[in-house]
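A.B. asks: Pasting a structure below so you can have a look.
The values are calculated or read from the model by the stated rules, or taken from the named source; none is laboratory data. Everything quoted here is computed from the prediction, not taken from an experiment. Positions of Cβ are generated from backbone atoms using ideal geometry, with glycine treated the same way; all protein chains shown enter the neighbour counts.
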Amino acid sequence: MKLVKEILFYEIHNTIRSKWVAFYTAFFFFVGYGLFTFSGDVSKAYISLMNIIILIIPLVAIIFGSIYFYNSREFIEMMLSQPIDRKSLYRGIFLGTSIPISAGFAVGFSLPFFLFGKVNDQFGGFLVLLLMGILLTFIFIALSFLISVRQDDKAKGLGIAIFIWLVLAVAYDGIVLLLIYLFQEYPLEQSMIALTILNPIDLGRILFLMKFNIAALMGYTGAVFQKFFGDSLGFIISFLALAAWIIIPFFFSSRYFKRKDF
Amino acid sequence: MSIPKKITLSTTLAVVIFLFACSVSATTITVSKNGPVKTISAALLLANPSDTLLVTSGEYAEGNILVNKKITIIGDNFPVIDGKEEGEIFTVTADDVHFSGLQIQGSGLSFLEENAGIKLKEVKNCSITNCKFLNNFFAVYLAKAADCTIENNFIKGESVREVTSGNGIHLWYCRDITIINNQILNHRDGIYFEFVRNGKIQNNYSKGNLRYGLHFMYSDSCEYANNTFEQNGAGVAVMYTKNVLMKENHFINNWGTTSYGILLKDISDSKIERNIIDQNSVGLYMEGCGRVTISNNTFSKNGWALKLMANSMDNYFYDNNFIANAFDVSTNSRQNFNTFSKNYWAAYKGYDLNNDGYGDVPFRPVTMFSMIIESQPTALILLHSLFIDMMNIAESIIPAITPKALTDSQPRMRPAL
Amino acid sequence: MITIKNLQKNFGKVSVLKNINVTFEEGKVTAVVGPNGSGKTTLIKSILGLVKLSAGTIEVNGKSIADDFAYRNSIGYMPQTARYPENLTGNEILSLIRSIRHLNDYDDDELMKIFNLEKEMEKPFKNLSGGTKQKISTLIAFAFNPKIIILDEPTAGLDPVSSSYFKDLVLKQKELKKTILLTSHLMNDVQELSDEIVFLLDGEIKFHGSVQSLLEDKNETKLERAVAELMTRSLPQ
């Protein structure tokens, strides 16, 4: 564990000094600032922020994660020639990448809220978005590491990363819609909850929308969703699902990393 | 909204003196817990037509009071007339009866009788002003009444369930009724109209009623202005009616699976102007409506700003503002026989090269997703998903399932004032 | 001392190292030579644990390296091309490695001076030249007084002055009874530095002996020619 901390410390230093993170922080800051300045309506600003968080964060995290891992390959080799176990090194690199990026997001995202005094305004919504952004960063960096560990070819790896993003951000919802049409005779609410939980992007979207009283729009489905996600058990399950999205890819990539040839 | 103010003794005296001046023959009978006349019922027996009953403050546990002669009943400092939840409190069967300054409470719940705080039954020229109605089954009930005024009353029920509660102001077969400056809370329907002609409803505030803030059917030539309907179970419903004018009302915050800012069913030749329709599940729902003009309204933050069912035709929507609604317009058909023009749509992304204030590209307010939702309500869980946004864009370029004719050919670049 | 027994390594179906048996002794510099793709780097990586063995054992100082990482405390390694996190400085990397090795017994003053690195150590890696990075790699390989030193193409990126400093350094370490292993394409360097030579071709050791004996065997004075001779002879007919 001490080794993890050492690696983590230097990795964080490295990542935090990169222009990437500064740019990322600035991006969220200006987006929030712009939305609060130019769209007079707060709830519209929230919806836009939500879209940016559930789409841009996964895309940036999965691409940045892959590129970072591929670029770190020689460094990883060098570190592995030192007396360090692979598990610690891998944990250190993963956390050292995820923490600065999610911190960059958290700072850039939160600042406009404080500047415009919007935190108390919609504290629930703010908190859900903040938490969601951080969790999605960890999830998609875990996925990107899984890809990079398994696929040595950088171009292929990046291709797979973008493909996975497309599947989770776009195609998945297309399949959900198709299922709704195919099984329209059946009560679908429970299956929809399950399908939502299985996709972190959808889960993020729904958790946020539930905070915004949009459930009432959804009629019976909304009532079922509200009952599930409004309940503390539902909240715990959602949270566990998101945690699983971090832990499972991390577990498999870590296991593969341990027996990988460099 | 003004709450009826306490009527001070001096104003009451002024009214009394005024009445003396007008009619020498009329006398005032004082009802008092300590006086010779201890109950209103007793006073009514003594009274001659055109007399005035002055009820001093105190609690009068009486109900089932029949007012069958022309009389004025005035309360001094809100005497409480408590029906103890049995039967009706005042039943009026004579013309020219006037109530003011009373606190009327506890008309009895019944599944057979529509017991009210005050019921005006087949009468003319009556008025109910500055009264408080608390915890009544029905509060004010007008049956076959005409030329009456209900003004400055505070009406609050304690409704929990729809079946065990009555309406705040209930009109049945009435004409020329004015309802003004009342506050109606927590009844079944705030204001209920059935077969009413020439009703005028102004400056009322209807909030937290279980079913509708305003509910009217078969009621022609009525006017609704400057009212606020807020947080009612199902908003406002207007059905089977002609020649309605609804202007400058606020329909706010009616959220729920079957809540509407305004629900219009079989309405024709009516006008809906300059209303604010904000934060409702469905802002305006129209079914079977014809020749209704909807103009200068602002629809904001509603789930659906406008649900326009296919059997509505020849309605005209212009100069309205549609801002930050989850769906601006949805419909259940590919056909459209209504006209949209010069509305402001916040969702519009077109441009105005010739700078005339109107976008050069027509706007299609009905999105593909809203069409999908009509047939597959479950699909609403995909709200704000990227896949859906992409489909909407594709559909707006090449319409395949949305009504082609439902477009605003002159979308405003800036909100209409 | 490093002892390799029956080492075999396959990448998928391709067999990169076939039945390698070799011992690298203390106080000697052994050069691993061979054409590209002969398995030199894989052999080194096997010793470092960067590559997992398909079969066989490797012992470092008499202990098997399987499922162990602490043994690398006694190894200093200089990779062929060094890439470091570009926003960190040499000093930061050095202190990172220092804390990983938790050794106080290290000495980099002399090397710093020789390579003139003091100022460069303060700069982030993205601002450093390839040669400077190579020097920092050298520093890292030698600074911790390791018993075993593994150098992969060490002189490739160094200027002539640094290169000669470097060679002195290696010879000095040899005097200190270190086990030194190097790969190089530059036969002059190999001839200058090495005592022993291991010639690898297609994953097999085709020759292992002293440089001297190879030269005598082939009747050459230049190692380059002797190795070329070895190679042509070993090629399949």
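A.B. asks: Suppose we filter region B:265-302 for residues that are part of a loop (DSSP other than H, G, I, E, B), at negative phi and more than 14 Å from every other protein chain (Cβ to nearest Cβ); how many remain?
C.D. replies: Residues in region B:265-302 being part of a loop (DSSP other than H, G, I, E, B), at negative phi and more than 14 Å from every other protein chain (Cβ to nearest Cβ): 5 in total.
A.B. asks: Out of curiosity, is C:K147 surrounded by 14 or more Cβ atoms within 10 Å (Cβ to Cβ), under 27 Å from C:N36 (Cβ atoms) and within 14 Å of chain A (Cβ to nearest Cβ)?
C.D. replies: In short, no.
A.B. asks: Go through B:S333, B:S385 for me and flag whichever is polar (S, T, N, Q), surrounded by 23 or more Cβ atoms within 10 Å (Cβ to Cβ) and under 26 Å from A:E185 (Cα atoms).
C.D. replies: Every option except B:S385 fails the conditions.
A.B. asks: Here is a further query. Residues in region A:172-195: is at least one closer than 26 Å to A:F257 by Cα, more than 10 Å from chain B (Cβ to nearest Cβ) and part of a helix (DSSP H, G or I)?
C.D. replies: no
A.B. asks: What residue, of C:K177, C:K172, is at pLDDT 85 or above, in a loop (DSSP other than H, G, I, E, B), away from every other protein chain (no Cβ under 14 Å) and over 21 Å from C:G90 (Cα atoms)?
C.D. replies: None of the others qualify; the one that does is C:K177.
A.B. asks: Another question about this same structure. Restricted to region C:91-100, and to residues that are farther than 18 Å from A:E77 by Cβ and more than 8 Å from chain A (Cβ to nearest Cβ), which residue is surrounded by the fewest Cβ atoms within 10 Å (Cβ to Cβ)?
C.D. replies: Checking each candidate, the answer is C:S95.
A.B. asks: For region C:111-123, give me each residue that is touching a residue at least 24 places away in the same chain (Cβ under 8 Å) and either surrounded by 17 or more Cβ atoms within 10 Å (Cβ to Cβ) or within 18 Å of C:G157 (Cα to Cα) (or both).
C.D. replies: Scanning region C:111-123 gives C:L111, C:M112, C:I114, C:F115, C:L117, C:E120, C:M121.
A.B. asks: Of all residues in region C:38-73, which are more than 15 Å from A:M78 (Cα to Cα) and in contact (Cβ under 8 Å) with a residue 60 or more places away in the chain?
C.D. replies: Across region C:38-73, the qualifying residues are C:S38, C:G39, C:K40, C:L43, C:V60, C:N61, C:G62.
A.B. asks: Something else about it: Residues that are in contact with an Asp or Glu (Cβ under 6 Å, 6 or more places away or on another chain) and over 17 Å from B:H170 (Cβ atoms): which strands (runs of 3 or more DSSP E) entirely in region B:200-264 hold 1 or more of them?
C.D. replies: Filter on region B:200-264 gives B:205-207, B:223-225, B:235-242, B:245-247, B:250-252.
A.B. asks: Here is a check on your reading of the model: is B:I104 more than 19 Å from the chain's Cα centre (by Cα), of a type in the set (A, V, I, L, M) and outside any loop (DSSP other than H, G, I, E, B)?
C.D. replies: In short, yes.
A.B. asks: Now for a separate question. Filter region B:404-417 down to residues that are in a loop (DSSP other than H, G, I, E, B) and either polar (S, T, N, Q) or under 13 Å from B:F317 (Cα atoms) (or both) and give me whichever is nearest to the chain's Cα centre (by Cα).
C.D. replies: B:A416
A.B. asks: I need the full set of residues from region B:347-366 which are within 15 Å of B:W304 (Cβ to Cβ) and modelled with pLDDT under 90, in order please.
C.D. replies: Scanning region B:347-366 gives a single hit, B:A347.
A.B. asks: Return a yes/no flag: does region A:132-151 have any residue that is among the aliphatic types (A, V, I, L, M), modelled with pLDDT under 90 and assigned to a helix (DSSP H, G or I).
C.D. replies: Scanning region A:132-151 turns up no residue that is among the aliphatic types (A, V, I, L, M), modelled with pLDDT under 90 and assigned to a helix (DSSP H, G or I).
A.B. asks: Select from region B:98-119 the residues that are out of contact with any strand residue (DSSP E or B) (no Cβ under 7 Å at 6 or more places or on another chain) and buried (at least 24 other Cβ atoms within 10 Å of the Cβ) and list them in ascending order.
C.D. replies: Listed by number, the list is empty, since nothing qualifies.
A.B. asks: Are there any pairs, at least 6 apart or on different chains, whose C-beta atoms fall under 7 Å, with the first in region A:235-259 and more than 14 Å from chain C (Cβ to nearest Cβ) and the second part of a helix (DSSP H, G or I) and among the β-branched types (V, I, T), and if so, which?
C.D. replies: Sorted first by the residue in region A:235-259, then by its partner, the pairs are A:I237/A:I197; A:S238/A:I197; A:A241/A:I197; A:L242/A:I139; A:W245/A:I139; A:I246/A:I139; A:S253/A:V149.
A.B. asks: I've got another one for you. Determine which single condition B:E374 fails, assuming it passes every other condition in (1) at pLDDT 85 or above; (2) more than 10 Å from every other protein chain (Cβ to nearest Cβ); (3) within 35 Å of the chain's Cα centre (by Cα).
C.D. replies: (1)
A.B. asks: Does C:K45 satisfy being within 9 Å of chain A (Cβ to nearest Cβ) and under 22 Å from C:E153 (Cα atoms)?
C.D. replies: Yes: the conditions hold for C:K45.
A.B. asks: I would also like to ask the following. Somewhere in region B:311-323, is a residue touching a strand residue (DSSP E or B) at 6+ places or on another chain (Cβ under 6 Å), more than 14 Å from chain A (Cβ to nearest Cβ), surrounded by fewer than 16 Cβ atoms within 10 Å (Cβ to Cβ) and of a type in the set (D, E, K, R)?
C.D. replies: Yes: region B:311-323 contains one or more residues that are touching a strand residue (DSSP E or B) at 6+ places or on another chain (Cβ under 6 Å), more than 14 Å from chain A (Cβ to nearest Cβ), surrounded by fewer than 16 Cβ atoms within 10 Å (Cβ to Cβ) and of a type in the set (D, E, K, R).
A.B. asks: Can you tell me how many residues in region B:139-156 are in contact (Cβ under 8 Å) with a residue 40 or more places away in the chain and crowded, with 24+ Cβ neighbours inside 10 Å?
C.D. replies: 2
A.B. asks: Among the residues of region C:66-81, which ones are within 8 Å of chain A (Cβ to nearest Cβ), surrounded by 23 or more Cβ atoms within 10 Å (Cβ to Cβ) and not in a helix (DSSP H, G or I)?
C.D. replies: Hits for region C:66-81 are C:I75, C:Y77, C:P79.
A.B. asks: Here is a list: C:P85, C:P35. Which entry is part of a loop (DSSP other than H, G, I, E, B), in contact with a helix residue (DSSP H, G or I) (Cβ under 8 Å, 6 or more places away or on another chain) and more than 10 Å from every other protein chain (Cβ to nearest Cβ)?
C.D. replies: Residue meeting the stated conditions: C:P35.
A.B. asks: Under the condition of being aromatic (F, W, Y) and surrounded by fewer than 22 Cβ atoms within 10 Å (Cβ to Cβ), which residue from region A:181-214 is nearest to A:I52 (Cα to Cα)?
C.D. replies: Filtering first and then ranking leaves A:F212.
A.B. asks: Further, regarding this structure: Return yes or no: is C:L171 in contact (Cβ under 8 Å) with a residue 12 or more places away in the chain and closer than 20 Å to C:K40 by Cβ?
C.D. replies: No; evaluated as a whole, the condition is false for this residue.
A.B. asks: Could you say whether any residue in region A:132-151 is under 17 Å from B:H384 (Cα atoms) and more than 10 Å from chain B (Cβ to nearest Cβ)?
C.D. replies: Checked region A:132-151: at least one residue is under 17 Å from B:H384 (Cα atoms) and more than 10 Å from chain B (Cβ to nearest Cβ).
A.B. asks: Which residues, taken from region B:279-299, are out of contact with any helix residue (DSSP H, G or I) (no Cβ under 7 Å at 6 or more places or on another chain) and crowded, with 21+ Cβ neighbours inside 10 Å?
C.D. replies: B:Q279, B:N280, B:V282, B:G283, B:L284, B:Y285, B:M286, B:C289, B:V292, B:I294, B:N297, B:F299
A.B. asks: Moving on to the next point. Please go through (1) crowded, with 22+ Cβ neighbours inside 10 Å; (2) not in a loop (DSSP other than H, G, I, E, B) for B:R188 and return the number of the only condition it doesn't satisfy.
C.D. replies: (2)
A.B. asks: Follow-up question, since we're still on this one. Return yes or no: is C:N116 away from chain A (no Cβ under 12 Å) and more than 23 Å from C:I205 (Cβ to Cβ)?
C.D. replies: It is true that C:N116 is away from chain A (no Cβ under 12 Å) and more than 23 Å from C:I205 (Cβ to Cβ).
A.B. asks: When you scan region B:385-403, how many residues do you find that are assigned to a loop (DSSP other than H, G, I, E, B) and under 18 Å from B:R364 (Cα atoms)?
C.D. replies: Residues in region B:385-403 being assigned to a loop (DSSP other than H, G, I, E, B) and under 18 Å from B:R364 (Cα atoms): 6 in total.
A.B. asks: Of the numbered conditions (1) hydrophobic (A, V, I, L, M, F, W, C); (2) within 19 Å of B:L66 (Cβ to Cβ); (3) modelled with pLDDT of 95 or more, B:F154 satisfies every one except a single condition; which is it?
C.D. replies: (2)
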